[in-house]
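Reading through the structure tokens given below for one structure.
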Amino acid sequence: MGVLGSPATLIMGVLNVTPDSFSDGGRFEATDAAISHAHRLVAKGADIVDVGGESTRPGAERVAPAEELERVLPVIRALSQEGVVVSVDTMRSTTAQACVAAGASIINDVSGGLADPDMAAVVAAADVDYVAMHWRAHSTTMDSRDRYDDVVREVRDELSARVDALTSAGVRDERIILDPGLGFSKVADSNWPLLANMTEWSGGRRVLIGASRKRFLGAVVTRPGMDAGDPARRDHATTAVTALAAQAGAWAVRVHDARASSDAVRVVSAWQNALDTTR
Ligand code: PMM
């Protein structure tokens, strides 16, 4: 049992239903391709499929609410009907509400409720799990908000303020999962202290770690002459983070390569079980 809660770290597989991922052949094909990709994620060990219709990459512009919903809703409805555990990656309360009605059981909000003042009330009414991620600004400006005197303390305090706002709006404390928002208003060096000091900013709540393929991993593993911009070159580094996060007791990791992270979690569990039985 990890110090932060769950018996084994869960794998949340990333399913981005955005034009750069699936829409070459139009809406229907995009939905179909997304569902097939979700099936592959589950086959490779994903416990949860995280469906998002709006890119949050640095510099990304916002998508219209109707467009976001059209992208994610049919995918979420189909997967939920098959019994797949689905989270919806959205900052909008209207999208969250519709997706919960369609079967999503987790709302994953990268803004921790800051982008939409109605989100807390929707989460309270839906009474589903809610990922509150540390966030300071929308993608177009977030890199300029990487200013910290003490990143662990500031992320802890800013997340704690979100927890207060959520619980005041009626969200049950045990529904809240905290996420340090790796790469969000955090350029390279700001991310590592948050990984290394999980218990200090999480206050004993469940923790989700989203390190997969992010730039700060590229900064560590890129060798001279290698292309630093290729996200797929960061998969091994992602797997290493999964192993360490699992060892530290994270509730879940949000990853693109479900198989590798699922294997890493199994290795950590086998290691920990041996410790428990030999001590
Ligand atoms: N990162 C991205 C999108 N959604 N959600 C949570 N909870 N935590 C994250 O770190 C996170 C997220 C951006 O990554 P992607 O563009 O590779 O999906």
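Within region 93-115, how many residues are within 15 Å of the ligand (Cβ to nearest atom) and not polar (S, T, N, Q)? Result for region 93-115: 11. Hey, can you tell me all the residues within region 161-181 that are out of contact with any strand residue (DSSP E or B) (no Cβ under 7 Å at 6 or more places or on another chain) and of a type outside the set (S, T, N, Q)? Across region 161-181, the qualifying residues are 161, 164, 165, 169, 170, 172, 173, 174, 180. Within region 135-165, the set of residues being closer than 13 Å to residue 120 by Cα and open to solvent by 60 Å² or more (accessible area, probe 1.4 Å) comprises 164 only. Filtered by the rule that a residue be within 14 Å of the ligand (Cβ to nearest atom) and either among the charged types (D, E, K, R) or in a helix (DSSP H, G or I) (or both), region 202-229 gives 202, 205, 206, 213, 214, 215, 216, 217, 218. What are the residues in region 257-279 that are open to solvent by less than 50 Å² (accessible area, probe 1.4 Å) and closer than 20 Å to residue 50 by Cα, if any? Result: 258, 260, 261, 262, 264, 265. Screening the candidates 278, 222, 238 for the property of being modelled with pLDDT of 95 or more and of a type in the set (S, T, N, Q) yields one hit, 238. Figure legend. Inter-residue proximity from region 241-259: first residues in a helix (DSSP H, G or I) and more than 12 Å from the ligand (Cβ to nearest atom), second residues polar (S, T, N, Q) and at pLDDT 95 or above, beta-carbon distance below 6 Å, spacing 6+ or different chains. Indicated pairs: 242/261; 246/9.
Every residue, every condition in (1) hydrophobic (A, V, I, L, M, F, W, C); (2) part of a loop (DSSP other than H, G, I, E, B); (3) touching a residue at least 12 places away in the same chain (Cβ under 8 Å), yes or no:
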position: 58; (1), (2), (3): no, yes, yes
position: 70; (1), (2), (3): no, no, yes
position: 73; (1), (2), (3): yes, no, yes
position: 98; (1), (2), (3): yes, no, yes
position: 107; (1), (2), (3): yes, no, yes
position: 114; (1), (2), (3): yes, yes, yes
position: 122; (1), (2), (3): yes, no, yes
position: 132; (1), (2), (3): yes, no, yes
position: 135; (1), (2), (3): yes, yes, yes
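Of all residues in region 166-200, those being open to solvent by less than 50 Å² (accessible area, probe 1.4 Å) and either in contact (Cβ under 8 Å) with a residue 60 or more places away in the chain or within 14 Å of the ligand (Cβ to nearest atom) (or both) number 16. Each residue in region 63-94 was checked for being farther than 23 Å from residue 253 by Cα, among the polar types (S, T, N, Q) and either buried (at least 21 other Cβ atoms within 10 Å of the Cβ) or under 20 Å from the mean Cα position of the chain (by Cα) (or both), and 2 of them qualify. Taking residue 64 as the residue in question, decide whether it is aliphatic (A, V, I, L, M), out of contact with any strand residue (DSSP E or B) (no Cβ under 9 Å at 6 or more places or on another chain) and without any contact (Cβ under 8 Å) to a residue 24 or more places away in the chain. Criteria met by residue 64. Condition check for residue 152 on (1) under 22 Å from residue 218 (Cβ atoms); (2) touching a Pro at 6+ places or on another chain (Cβ under 7 Å); (3) at pLDDT 95 or above: one failure, at (1).
Of the residues 232, 228, which is surrounded by fewer than 18 Cβ atoms within 10 Å (Cβ to Cβ), without any contact (Cβ under 8 Å) to a residue 40 or more places away in the chain and in contact with a Ser or Thr (Cβ under 8 Å, 6 or more places away or on another chain)? Break it down stepwise before answering.
Working: 232 fails: in contact with a Ser or Thr (Cβ under 8 Å, 6 or more places away or on another chain).
On inspection, the qualifying residue turns out to be 228.
Here is the figure for region 30-59: residues that are surrounded by fewer than 17 Cβ atoms within 10 Å (Cβ to Cβ) and among the polar types (S, T, N, Q) total 1.
The values are calculated or read from the model by the stated rules, or taken from the named source; none is laboratory data. Note that the structure is a prediction, hence the values are computed from the model and not measured. Cβ: placed from backbone, ideal geometry, glycine included. Neighbour counts: every protein chain shown. To get the accessible areas, we keep the full protein, side chains included, count just its heavy atoms, and leave off ligands, DNA and RNA. Shrake-Rupley method; radii C 1.70, N 1.55, O 1.52, S 1.80 Å.
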